[in-house]
Every structure is written in structure tokens, then in C-alpha cells.
Amino acid sequence: MKRVPIFAANWKMNKKVADCADFAARLSSELQTAPGKVGQDFEVVLAPSATHLMTLHRALSGTGFKLGAQNGGSAKSGAFTGEVSPEVLKEVGVDVVILGHSERRHVFKEENALILARCKAALEEGLRVMLCVGEQLKERKEGKTFATIESQLAILKDFPKQWERVSIAYEPVWAIGTGENATPAQAQEVHAHIRNWFAQTIDSAQAASMRVLYGGSVKAENSAAIMAKEDVDGLLVGGASLDPGIFAAVIRNGLKSRT
Ligand code: PGA
């Protein structure tokens, strides 16, 4: 089963609006030498802060890159101070929404029920959803990695059945922003588990086409080894996505390991 890899940049709360145009142009020029064609052989998603979306959307015109949001509201509109409606995300050109990121879960205490509502609202607007899951260090040490991930994946049971618009990002919390990535073998083990769980619990036919990305201290030096693993279908990149040259190297190296 051929799954088109996704390379997603999660800028988190970094960069200024004024940085968007230069970033898009530089990444686009760097990827001229990538093995394959963006939008066809691989996808690139850039997810800035909500304030940057309109500007970045304009800057992405002609690049083939897609616009991502780092979160999305749980309803179309209403009394939700500080939230951004998925309808408006769509209006400003967003293609995919990252939901359930570990920083949302652990820093902002978002629970499964809220994450599910956000996912449903995004899917109802026709947006794609990238659902993030991952265990904390304590859970891994206690042998609870699979149980933790399954409890986070459980919300998929209540998703509308639009699996072509859903991807999953495995991001072990202990690997995010720490410089300590999961080994390729550790990533593969969890990715295979996610795919098997999906096949058994949700939809066996769709499991083979579901893209499962890895995130957590991805860099140019480790993207090839991680992407070489059979069940790794892309990368969600934080720190190493802030520089277009470095992010391009992450993508190029990751792609080379698959050809
Ligand atoms: P990192 O972040 O690449 O800086 O570890 C990844 C993420 O949080 O998505």
C-alpha cells in the first residue's frame, strides 16, 4: 500500500507574520532538489499561529504546500472566548488541523472529550484532521505506552467515517523538544500497533491507507532512519521546522530513505 508521506511543520508559538513570505519562498526553492514532486509524491504542511494564517496562505500560493492550523474550535460559532472557528479556518485557507497535540493535552489540560468535539467540528467543515497521540515518560517506564495510546485513539470510534481526511501523529511526550527522539525501532513498534488497533477496532480496510506520522525531536540527522520504517508515513516537526533550510533537509533526507 503506497501512502503519500506528509511532512508537517508545527511552528508552535514561534515566528512573526513578517517571516511567512520569506519562509515559503526559501522552502520552495530548497525543495526543487527533493526526490519527487510536492503535492504528488509527498505533502508539505505548514502550521503557524492562527494570527499568521491569512498571510501564510497568500505566501503559499504556487508552492504546492498546504496550510495547517495548530488547533481548532469545537463548534462552528458561539460563546468560546479565545477559540477559532473551524469554519473560519477553512475560510482563510486551512487544509488540515492538528488536534490533541501533547502541549494542548498536558499544558492546557485538553481532555479526550474536548479533542473529539474539535475533531468532529473540523471534519464537518471539510477540513482534514491530524490527531496527535503519545505517552509520557512515566507511562513508557511503567509499560503503559500502548494502553495510553489506545485510550487517546478511542475517540476515533466516534468520528464521522471520513478516514481519507484523517491522519494520526505519534508523538511520545518525552521526545518532544527534548533532543531525545524515539529510536526508529521504537517508532515503528508504536506505529504498527496504531495501525493494527485501527484495523481491529475501527476499519480493517482503511487501516492500510491511514497515514501515521512520527513527531518528537526530528532533525535532518535522524529523518532518514525514522522514515525508512515501514509504518512511518511522515513527520511532524517542531524545532527543526523553524528554519527553511533545515526543514528542507529533514524532508529530503526522509524522502531519500524511501526511494
Ligand atoms: P519537536 O516538536 O520537533 O520540537 O520535538 C514536535 C512537535 O511537538 O510537534
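Rounded to whole numbers, the Karplus 3J(HN,Hα) couplings from phi for the stretch 113-124 are 4, 5, 4, 4, 4, 5, 4, 5, 4, 5, 5, 4 Hz, using 6.51 cos²θ - 1.76 cosθ + 1.60 with θ = phi - 60°, and x at Gly and Pro.
With +1 on each Lys and Arg Cβ and -1 on each Asp and Glu Cβ, and nothing else charged, work out how big the dipole of the stretch 74-122 is about its Cα centre, in Debye to the nearest 20.
That gives a dipole near 140 debye.
Ordering 239, 34, 191 by the projection of their Cα atoms onto the charge dipole of the chain, which places +1 on the Cβ of Lys and Arg and -1 on the Cβ of Asp and Glu, puts 34 at the extreme positive end.
In this simple spin-label approximation, residue 111 and residue 246 carry label points 7 Å from Cα along the Cα→Cβ vector, and these lie 3.7 nm apart.
In this label model, residue 83 and residue 61 are separated by 3.2 nm, measuring between points 7 Å along each Cα→Cβ vector. Applying both filters, DSSP loop and at most 10 other Cβ atoms within 10 Å, to the GluC sites (Glu not before Pro) of the stretch 184-259 gives 230. If the segment from residue 54 to residue 257 were pulled out straight at 0.36 nm per residue, it would be longer than the present Cα-Cα gap by 69.7 nm.
Summarised as an ellipsoid, the stretch 158-259 has semi-axes of 25, 14, 13 Å, derived from the eigenvalues of the Cα gyration tensor scaled by 5 and square-rooted, with the largest first. Along its principal axes, the stretch 73-220 has C-alpha extents of 42, 35, 30 angstrom, given from the largest down.
Label zone (residue 33, point 7 Å along Cα-to-C-beta; backbone nitrogen cut-off 17 Å) within the stretch 62-85: none. What is the distance in Å between the Cα centres of the stretch 71-111 and the stretch 26-70? The stretch 71-111 and the stretch 26-70 have Cα centres spaced 20 Å from each other. When Rg and the Kirkwood radius Rh are both evaluated on Cα atoms of the stretch 19-59, their ratio Rg/Rh stands at 1.01.
Bear in mind that the values in this text are calculations on the coordinates, not laboratory data. Keep in mind that what you see is a predicted model, and the values were worked out from it rather than measured. Quick reminder, even Gly has a Cβ in these numbers, built from the backbone with ideal geometry, and neighbours come from all protein chains shown.
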